[in-house]
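> Quick one: the structure is below, questions incoming.
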Amino acid sequence: MLNLEHTINSGQVFLWERYGNKWYGIHGDDVLLVDQSNPEIVVSYSGEKYDLFRQSDNFNKVIREIAKDVIIKEATKRFAGMRLLRQDPFQCYISFIVSANSNIQNIRLSLYKLAKKFGKKVRFNGKEFFLFPDAKKISSASISEISSCGLGYRTKYVHAASEAVRSGAIDLELLKKSDYHTARDELCKIDGIGNKVADCIMLFSLEKTDAFPLDRWMLRALHNYYPGRFTVDESLTERRYHILHDELREYFGAYAGYCQQFLFKMIRDSNQKRW
DNA sequence: TCGGCACCTGCCTA
DNA sequence: ATAGGCAGGTGCC
């Protein structure tokens, strides 16, 4: 049974709000509604259909494949029903550029401000929402307008990254069809995107279930749960990031990204971090 | 290739 | 109360 609380409050997505059993989320130029009492059904503002929860992955098979050891078995049991979301690529791309060296509360606040300032206002089920602005909208905004959303030094990254999408210098739809390494190399050409942010964008919106974002929490998780098992150093240089990523990909397999999500959820929860 | 450091902002802690 | 620390990193030297 799909669990919305675990899925949405696991750091993979930011612009969702809960109203009782119902959750509303901004999904690019659309608003989505899901209900814990019938979570498989995704209702959208536009009427468009989405496979938001990656039902096409065959979740039971994924769990069987990634359950390599007692740690992952425990995590999948404790957070049963958590899924990876298939997000809107551009919103995901901007979201994780904004996430760098920040925290969940700040990230959410900045993204809300960005949507409120530049996104179209719509009413859905009597509630007001701001859609996520597109690349054209953000790239044509001024630096000071973008900066007013509290992005700090990430302002110039968000502006240039939007321009790169608008101009076609980077094509997110094309990257869905590319292999992992090609997509990663393309993303890392964008200022403000390094290995970790690229992995997030790929895992959450570009169909790369073998992307495995490595951040300070994941290093902590690997250190605690797999002492000595992988090549984990205090700091991750470019080289060490790739070595560790390869080890994890090799060990956990083609759905390694699901493992990252479970381990991230588990280590954050055990440190009582808020979402 | 590696280590060290600066960096917006806002919340949290001592 | 208020300075200093820290946050899902990245770029530059």
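> Let me see the pair-distance distribution of region A:4-78: every alpha carbon pair, 5 Å bin width, integer percents in order.
Going from the shortest bin to the longest, the percentages are 3, 13, 21, 22, 18, 12, 8, 2, 0.
> Which whole-Hz ³J(HN,Hα) couplings does region A:94-99 yield from phi under the Karplus relation 6.51 cos²θ - 1.76 cosθ + 1.60, θ = phi - 60°, glycine and proline marked x?
After applying 6.51 cos²θ - 1.76 cosθ + 1.60, I find 5, 4, 7, 5, 5, 6 Hz.
> I would also like to ask the following. When a footprinting reagent is the concern and you count Cβ atoms within 10 Å, what order do A:Phe59, A:Phe14 take, fewest first? Write out the running numbers ahead of the final one.
Details: A:Phe59 18, A:Phe14 24.
So the ranking, lowest neighbour count to highest, is A:Phe59, A:Phe14.
> Moving on to the next point. Enumerate the amide H contacts of A:Val31 below 5 Å, restricted to partners 5 or more residues apart or on another chain; note that Pro and chain-start residues carry no placed amide H.
Under 5 Å from the amide H of A:Val31: A:Tyr45, A:Ser46.
> Can you grab the distance from the C-alpha centre of region A:227-261 to the C-alpha centre of region A:195-216, Å, no decimals?
After rounding, the separation between the Cα centres reads 12 Å.
> Using a cut-off of 13 Å between beta-carbons, work out the net charge of the residues near A:Cys188 (Lys and Arg +1, Asp and Glu -1, A:Cys188 not included).
Details: positive: A:Arg184, A:Lys189, A:Lys196; negative: A:Asp185, A:Glu186, A:Asp191, A:Asp199, A:Glu238.
For residues surrounding A:Cys188, the net value is -2.
> Using only C-alpha positions, report the orientation-averaged shadow area of the convex hull of chain A, nm², one decimal.
In nm², the orientation-averaged hull projection of chain A is 13.8.
> How large is log10 of I(q)/I(0) for region A:103-184 at q = 0.11, 0.19 Å⁻¹ when the intensity is taken from the Debye formula with one equal scatterer per alpha-carbon?
Those come out to -0.37, -0.92, one per q.
> When the Karplus curve 6.51 cos²θ - 1.76 cosθ + 1.60 is applied with θ = phi - 60°, which whole-Hz ³J(HN,Hα) does each residue of region A:105-119 get, with x for Gly and Pro?
Result, ordered by residue: 4, 5, 4, 4, 4, 4, 5, 4, 5, 4, 5, 5, 6, 10, x Hz.
> Can you give the net charge of the other residues whose Cβ lies under 13 Å from the Cβ of A:Ile8, counting K and R as +1 and D and E as -1?
Once all neighbours under 13 Å are counted, the net charge is +2.
> Now for a different question. Could you give each residue of region A:122-136 its phi-based ³J(HN,Hα) in whole Hz, using Karplus coefficients 6.51, -1.76, 1.60 with θ = phi - 60°, and x for Gly or Pro?
Along region A:122-136, the couplings run 9, 10, 9, 6, x, 10, 9, 9, 10, 5, 7, x, 8, 4, 5 Hz.
> Okay, moving on. What list do you get for A:Leu2, A:Leu187 if you sort them by fewest beta carbons within 10 Å?
Least to most surrounded, the residues fall as A:Leu2, A:Leu187.
> Counting Lys and Arg as +1 and Asp and Glu as -1, each charge on the Cβ, what is the dipole of chain A about the Cα centre in debye, to the nearest 20?
Numbers: 41 positive and 34 negative charges, 163 e Å.
Once rounded to the nearest 20, the dipole reads 780 debye.
Since every read-out is calculated from the coordinates, none of them should be taken as a lab result. Because the structure is a prediction, the values reported are computed rather than measured. As a convention, Cβ positions derive from the backbone with ideal geometry for all residues, glycine included, and neighbour counts pool all protein chains shown.
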